[in-house]
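Take a look at the structure below.
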Amino acid sequence: MSQANPLAYLTEQLDEWRQAGTYQRLRVLESACEPVCRFDGREVINLASNNYLGLANHPKLVEAAIEATRKYGVGSGAVRTISGTMTLHIELEQRIAAFKNVEACVVFQSGFTANSGTVSAILGPEDFIVSDELNHASIIDGCRLSKAKIKIFPHRDAAEAERILAGLDGTPGRKLLITDGVFSMDGDIAPLKELVEIAERHGAIMMVDDAHASGVLGRNGRGTIDHYGLHGRVHIQVGTLSKAVGVLGGYVCGSRDLIDFLYHRGRPFLFSTSHPPAVAAACIAAFDLLESEPERIERLWENTRYFKENLRQAGLDTGSSETPITPIMVGDAALAFRFSDALFERGVLATGIGYPTVPRGKARVRTIVTAAHTREQLDRALEAIAAAARQVGLPAS
Ligand SMILES: *Cc1c(COP(=O)(O)O)cnc(C)c1O
């Protein structure tokens, strides 16, 4: 008797995705992450990275990583709480805390673990989380791991967030109001001033995930809290070192006691090895550049304005974007993937994004320009986008 494969259902699901046109192959990057790079043997203009400031292969970061490696090796040897806290880790955390104008900072392995590890550590089953419906997956996972009761409010709907919190006034349990600063798939900005005021009125903890705002918004890229002038009013700020900073990691900023508490209860901090010295050293070099060369951020915004304006003139729908994250809204997921493929054939990498990353029927091709793109590269990309859009029948009208 032949043994049935207990994982056959995975194969069936994959076949279904292939037939629906939503099966995705991984594109393989064969060069450094630069404005023009080689994927799968083809030279393309890269509009699909989060390398906002072009720091991912900046000579100063590379030099810092090499020097740290020569001096301290390639691995830290342990989790932070056992013996894996190195001088460079502490130096980076102090650097970020000073930059963000907060008491303390802790770095996690990624932005994902910073969110999931923090939310799950500070709340329990008796508590409540009020969360924007488009918050990042790592926030959603952290909420679930905490076992707190989760109340979702419609995207950027501060009035509804307040209605939910008001309904919990007098109910025992802590309340956390949580939002992305910049939303990763739409590029719009949270109504942070309103949300902070609401949290204050109802005694809620306020937490912001600034993954896409760090290095992009605020003075020298200090994020949405700085952008809106809300210093001291957001209890927990999360950021990533993997996007504009160009390296890898996530951080949590707040009071000294919040950070001390996470040393004791943040599970990724306690149970997963700390960054190699090269990562910490490269991140420190990136903060040097954020402080000494803010013109990089100005260039990012100039490119963003130019690119968005031209997309709109081409009749394409860029949704509600207010930042360098600029979706080209398509609707149908299979169409989004066809559009992305047509772009690739024409020398542009921009990823099609469908369910579950965005809601069904809201598929899109997401573009992100960086400070490092030249005007000539942007013009070539815009031409390819217009031609590929015509080819697949966009804008549909
Ligand atoms: C990318 C992202 C993260 C995760 O950051 P990593 O450092 O890549 O793990 C968290 N939150 C948001 C909103 C993001 O866009």
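The values are calculated or read from the model by the stated rules, or taken from the named source; none is laboratory data. What you see is a predicted model, and the numbers here were worked out from it, not measured in a lab. Virtual Cβ from ideal backbone geometry, glycine too; neighbours counted across all protein chains shown.
Results for (1) within 16 Å of the ligand (Cβ to nearest atom); (2) under 16 Å from the mean Cα position of the chain (by Cα); (3) buried (at least 23 other Cβ atoms within 10 Å of the Cβ); (4) outside any loop (DSSP other than H, G, I, E, B), shown as yes or no for each residue.
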{"site": "97", "(1), (2), (3), (4)": "no, no, no, yes"}
{"site": "114", "(1), (2), (3), (4)": "yes, yes, yes, yes"}
{"site": "119", "(1), (2), (3), (4)": "yes, no, yes, yes"}
{"site": "130", "(1), (2), (3), (4)": "no, no, yes, yes"}
{"site": "134", "(1), (2), (3), (4)": "yes, yes, no, no"}
{"site": "141", "(1), (2), (3), (4)": "yes, yes, no, yes"}
{"site": "151", "(1), (2), (3), (4)": "no, no, no, yes"}
{"site": "156", "(1), (2), (3), (4)": "yes, no, no, no"}
{"site": "160", "(1), (2), (3), (4)": "no, no, no, yes"}
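Being buried (at least 24 other Cβ atoms within 10 Å of the Cβ), assigned by TED's automatic domain parsing to the domain that holds residue 120, under 30 Å from residue 365 (Cα atoms) and free of Cβ contacts under 8 Å to residues at least 60 places away in the same chain is a description that does not apply to residue 186.
Within the range 249-261, can one find any residue that is assigned to a helix (DSSP H, G or I), surrounded by 24 or more Cβ atoms within 10 Å (Cβ to Cβ), in the same structural domain as residue 65 (by TED's automatic domain parsing) and away from the ligand (no atom under 16 Å from the Cβ)? So that I can check it myself, show each step before the final result.
Of all residues in the range 249-261, those assigned to a helix (DSSP H, G or I) come to 256-261.
Then keep just the ones that are surrounded by 24 or more Cβ atoms within 10 Å (Cβ to Cβ); that gives none.
There is no residue in the range 249-261 that is assigned to a helix (DSSP H, G or I), surrounded by 24 or more Cβ atoms within 10 Å (Cβ to Cβ), in the same structural domain as residue 65 (by TED's automatic domain parsing) and away from the ligand (no atom under 16 Å from the Cβ).
Among residues of the range 150-170 that are closer than 21 Å to residue 137 by Cβ and in the same structural domain as residue 187 (by TED's automatic domain parsing), those with a beta-carbon under 8 Å from a residue that is basic (Lys, Arg) and part of a helix (DSSP H, G or I) at least six positions away or on a different chain give the pairs 150/144.
Could you pull out the residue among 76, 83, 49 that is out of contact with any helix residue (DSSP H, G or I) (no Cβ under 6 Å at 6 or more places or on another chain) and surrounded by fewer than 13 Cβ atoms within 10 Å (Cβ to Cβ)? Reasoning before the result, please.
On the way: 76 fails: surrounded by fewer than 13 Cβ atoms within 10 Å (Cβ to Cβ); 49 fails: surrounded by fewer than 13 Cβ atoms within 10 Å (Cβ to Cβ).
Just one listed residue meets the conditions, 83.
Considering 278, 244, 282, the condition of being within 16 Å of the ligand (Cβ to nearest atom), crowded, with 19+ Cβ neighbours inside 10 Å and either in a helix (DSSP H, G or I) or at pLDDT below 95 (or both) is satisfied by 282 alone. Within this structure, residue 54 passes the test of being away from the ligand (no atom under 16 Å from the Cβ), under 19 Å from the mean Cα position of the chain (by Cα), touching a residue at least 12 places away in the same chain (Cβ under 8 Å) and part of a loop (DSSP other than H, G, I, E, B). In this structure, residue 225 qualifies as outside any strand (DSSP E or B), surrounded by 24 or more Cβ atoms within 10 Å (Cβ to Cβ), within 16 Å of the ligand (Cβ to nearest atom) and of a type in the set (Val, Ile, Thr).
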